[in-house]
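Below is one structure, written out as structure tokens, with a few remarks after it.
The values are calculated or read from the model by the stated rules, or taken from the named source; none is laboratory data. Fair warning: this is a prediction, and the values are worked out from it, not measured in the lab. Cβ sites come from the backbone with ideal geometry, for glycine too, and all protein chains shown count toward neighbours.
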Amino acid sequence: FAEFDDAANLLAANPDATTISIDEPVEIPKNQHSRLQEPGREEDDELLGTDDSDKTELLAGQKKSAPFWTFEYYQTFFDVDTYQVLDRIKGSVFPVPGKNFVRLYIRSNPDLYGPFWICATLVFTIAVSGNLSNFFIHLGKPTYHYVPEFRKVSIAATTIYAYAWLVPLALWGFLMWRNSKVMNIVSYSFLEIVCVYGYSLFIYIPTAILWIIPQNVVRWVLVVFSLCLSGSVLVMTFWPAVRDDNRRIAVATVATILLLHALLAVGCLAYFFDAPELDIPVPIIPAHNGTTVVTKSH
Amino acid sequence: FPGLADVSISQDIPVEGEITVPVGSQSPDEDYSTLDEPVKDTIMRDLKAVGKKFVHVMYPRKSSALLRDWDLWGPLVLCVSLALMLQGGSADSKDDGGPQFAEVFVIIWFGAVVITLNSKLLGGTISFFQSLCVLGYCVLPLTVAMLVCRLVLLASAGTISFIIRLIVVGAMFGWSTLASTAFLADSQPPNRKALVVYPIFLFYFVISWMILTFTPQ
């Protein structure tokens, strides 16, 4: 009776198909026909990802039905398994051209676990790496006394959490405002934007560890590389949301997103990591009154 | 207690507690009230419970004593002693020194609360204070490491002492993480265990970093 089971499953997947339930030779071409149809249908769903906003927003509304003062409401934001978190991290580091991060990975199940713990890890990684890098740079000097620089942890925490929560808030508000003016804009929910930004910060964790290497060239190459990767994820997420708008506003929005992302990277590099010493032999310049002055260039 | 359904109790843990059966006369002379006992007994009972939990942390095996009879005295004592030992660090200016007492205190307690909330939001079955109790007690190996570091720094402050401190702090960090994971991991849904263990790892890493970078003036 396996054939009847197959027919039932195919019928459930493809309810519009006409069924002839008597003769076996007639069922076989129907099976082949439906199987050929299914991969095509899945492809359409992927390409039409940005137009599915109505359906996904309805589904999202159905999920979070608990009132906001109960614990269950917040549990819906942590409804992810380990492999899902790892997939989302992978998707933020290896951007697939043409695929939207939100549609592909988040699929109306935004989580707060990833953004929160990636930001926490990034805060401590930057503080610890900055401290280590300064230690190695100043190691040989006789007047150097090691300090743990613990204040910088709180500064790092404020900066990174502000970036990860206030910029999505501003972006969401902006998209809502444009949505009220231009009808066709795809709008993401606030949590989805927070999710994208949180996961896009993941690339800065290995970057911050590699910033310990005291070479300027290496550091700037790392900045550009990580900016390209996570910036492209952000651009591919938000370009479909604004491309139906006025051309100049769309370009300005995407440019601002990238600029803020770059500013975060460059600012962290400048503040937490001291400039590495250059290996230039020290010239001795005789001063006017005959004493020798030793100058050292940084 | 759904989370304790599959906890196995090893044989050498004494079962303690009182079973009072309310049959017979209700006269107050027959009830044993802790108001009447000497103060020394009351204090010793709590001290013994705390000490027993310290032993359970140092030799972690599956036991329910830490979870069932939670208390926060041990974590408080450990946190205060760790914060006190981290004082006296070098500070040329106030901005460059090590963590202050309040910062250590806040990091430990706020960190433990956040990890507990995280595990509960992910669907864990452990109660709030049980988790705080376990996380606080598992700071014990790191407090021992801090003590050892201070003693080593009294002797010398060179590279050898740094290597010794690194090894000791690293070993105690591993011990803390493994101990707390052994107690907490069973109450999590199986496909989210890594999501719960990682914040615990980060928490003890930050405390270990604070201990390792302590430099006396």
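Condition first: closer than 17 Å to A:I137 by Cα, at pLDDT 90 or above and crowded, with 19+ Cβ neighbours inside 10 Å. Can you find one or more residues in region A:221-236 that meet it? Full working, then the answer.
Going residue by residue through region A:221-236, those that are closer than 17 Å to A:I137 by Cα are none.
The answer is no; no qualifying residue exists.
Does B:F162 satisfy being more than 20 Å from the chain's Cα centre (by Cα) and not in a helix (DSSP H, G or I)?
no
Quick check, is A:V80 outside any helix (DSSP H, G or I) and at pLDDT 85 or above?
For A:V80, the condition - outside any helix (DSSP H, G or I) and at pLDDT 85 or above - is met.
Regarding B:V152, is this residue more than 14 Å from chain A (Cβ to nearest Cβ), assigned to a helix (DSSP H, G or I), β-branched (V, I, T) and over 22 Å from B:F54 (Cβ atoms)?
Working: more than 14 Å from chain A (Cβ to nearest Cβ): yes; assigned to a helix (DSSP H, G or I): yes; β-branched (V, I, T): yes; over 22 Å from B:F54 (Cβ atoms): yes.
Yes; evaluated as a whole, the condition is true for this residue.
Only one of (1) surrounded by fewer than 15 Cβ atoms within 10 Å (Cβ to Cβ); (2) within 14 Å of chain B (Cβ to nearest Cβ) is not met by A:T82, so which one is it?
(1)
Conditions first: (1) out of contact with any Ser or Thr (no Cβ under 9 Å at 6 or more places or on another chain); (2) closer than 23 Å to A:A127 by Cα; (3) in contact (Cβ under 8 Å) with a residue 24 or more places away in the chain. A:T253 passes all but one, so which condition is the exception?
Looking at each condition in turn, A:T253 falls short on (2).
Give region A:85-122 a look and list any residue that's among the aliphatic types (A, V, I, L, M) and at the interface with another protein chain (Cβ under 10 Å from one of its Cβ atoms), or say none.
Residues satisfying the conditions are A:V85, A:L86, A:L112, A:A120.
Of the conditions (1) surrounded by fewer than 21 Cβ atoms within 10 Å (Cβ to Cβ); (2) among the aliphatic types (A, V, I, L, M); (3) more than 14 Å from the chain's Cα centre (by Cα), B:M146 satisfies every one except a single condition; which number is it?
Result: B:M146 fails condition (1) only.
Return only the number of the condition from (1) at pLDDT 85 or above; (2) surrounded by 19 or more Cβ atoms within 10 Å (Cβ to Cβ) that A:S108 does not satisfy.
Failing condition for A:S108: (1).
If the requirement is being within 11 Å of chain A (Cβ to nearest Cβ) and of a type outside the set (K, R), which of these qualifies: B:F201, B:F183, B:F173? Before the answer, list the steps.
Values: B:F183 fails: within 11 Å of chain A (Cβ to nearest Cβ); B:F173 fails: within 11 Å of chain A (Cβ to nearest Cβ).
The match here is B:F201.
Working carefully through the options B:L142, B:L212, B:L122, find the one that is away from every other protein chain (no Cβ under 13 Å) and in contact (Cβ under 8 Å) with a residue 40 or more places away in the chain.
None of the others qualify; the one that does is B:L142.
Looking at region B:156-169, which of its residues are touching a helix residue (DSSP H, G or I) at 6+ places or on another chain (Cβ under 7 Å) and at pLDDT below 90?
Applying the first criterion (touching a helix residue (DSSP H, G or I) at 6+ places or on another chain (Cβ under 7 Å)) to region B:156-169 yields B:161, B:164-166, B:168-169.
Once the filter is applied, which keeps residues that are touching a helix residue (DSSP H, G or I) at 6+ places or on another chain (Cβ under 7 Å) and at pLDDT below 90, region B:156-169 yields only B:S161.
Please determine whether any residue of region B:104-113 is of a type outside the set (A, V, I, L, M), more than 15 Å from the chain's Cα centre (by Cα) and either at pLDDT 85 or above or farther than 20 Å from A:C119 by Cα (or both).
no
Give the residues of region A:146-170 that are farther than 30 Å from A:F135 by Cα and either of a type outside the set (A, V, I, L, M, F, W, C) or at pLDDT below 90 (or both), sorted by residue number.
A:P168
Here are some residues: A:V128, A:V85, A:V93, A:V147. Which one is within 14 Å of the chain's Cα centre (by Cα) and either farther than 20 Å from B:P199 by Cβ or without any contact (Cβ under 8 Å) to a residue 24 or more places away in the chain (or both)?
Exactly one residue qualifies, and that residue is A:V93.
Can you confirm whether A:I126 is more than 10 Å from every other protein chain (Cβ to nearest Cβ), surrounded by 20 or more Cβ atoms within 10 Å (Cβ to Cβ) and more than 19 Å from A:L222 (Cβ to Cβ)?
no
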